[in-house]
Amino acid sequence: DLGEAKAKFHLSLLGGKWSISLENLERRGNEYIFLDALNNKRGELPVDSRHAEAPPSDDPEHMLTTWDTSLPIDVYVELLSENDSRIRRRALDAICQYHERAKPALSNLKKCLSDEDWKVVIKACRAIGRIGSDAKESCGQALEELLSSSNQAIQVASAQALLAIGLDLPQARATAEKLLNSADETIQIEAITIVGRYNKPLAIAKIVSILE
């Protein structure tokens, strides 16, 4: 059932920190809201969700590592239209696990490339990259435009996606090579990974310089 699957997905946002049941969810328009969902740790009276502690953010320690990819991908695609960006991010994490089977979601993923939340954008880049060459025609230009983003995380994610779908553009290489000198270590490592795919000596030289 699509509704139940969607509700379960919302529950996953809390990362198992609180005891929650589907009965505590109520449908309002296109969104589920939590009603008395945050139960007291000792099993006492339910906490009023309007005054409860906010759910944890989606940093790695709270992220789910497995997804039910036996579900129709539409379950996750529908969640991309949710107002809560945390839900959109989680939906994209799930869609990533479908790899080339996510091809039917390409038009929705392309829309995510212009999302107001930069984390949604980079997760959409990853999902598109995992689809492979089938995403080239529909998403190539949008990804190329992201190379000029002011956000380095978006730049490196779009460069990775372009190479993954078979568009080895000079602009993508130039972006990756520029990001080898990023002050952000995570961006720097991702840039090294990209450059290593087509210019191993340059990538190795950068690794050596970091180690020195």
In nm, spacing of pseudo-spin labels at residue 118 and residue 174 (7 Å Cα→C-beta vector): 2.2
For the stretch 75-116: accessible area per residue (Å², 1.4 Å): 44
At R0 = 35 Å, FRET efficiency that the Cβ-Cβ distance of residue 83 and residue 103 yields, to 0.05: 0.85
Semi-axis lengths (Å, descending) of the ellipsoid that matches the C-alpha gyration tensor of the stretch 119-212: 23, 14, 10
Extension reserve of the residue 70-residue 198 stretch, reckoned as 0.36 nm per residue once the Cα distance is removed: 42.5 nm
Local net charge near residue 134, Cβ-Cβ under 15 Å (Lys/Arg +1, Asp/Glu -1): +3
Ordering of 201-209, 104-112 by burial proxy (mean other Cβ atoms within 10 Å per residue, highest first): 104-112, 201-209
Sites residue 212 and residue 186 - FRET efficiency at Förster radius 35 Å, r taken between beta-carbons, to 0.05: 0.95
Ranked by how many other beta carbons lie within 10 Å on average, peptides 124-136, 74-86 from highest: 124-136, 74-86
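The values are calculated or read from the model by the stated rules, or taken from the named source; none is laboratory data. Because the structure is predicted, anything quoted here is derived from the model rather than measured. For neighbour counting, all protein chains shown are included, and Cβ atoms are generated from backbone atoms with ideal geometry for every residue, glycine included. Only protein heavy atoms, including side chains, enter the accessible area calculation; ligands, DNA and RNA are left aside. Shrake-Rupley method; radii C 1.70, N 1.55, O 1.52, S 1.80 Å.
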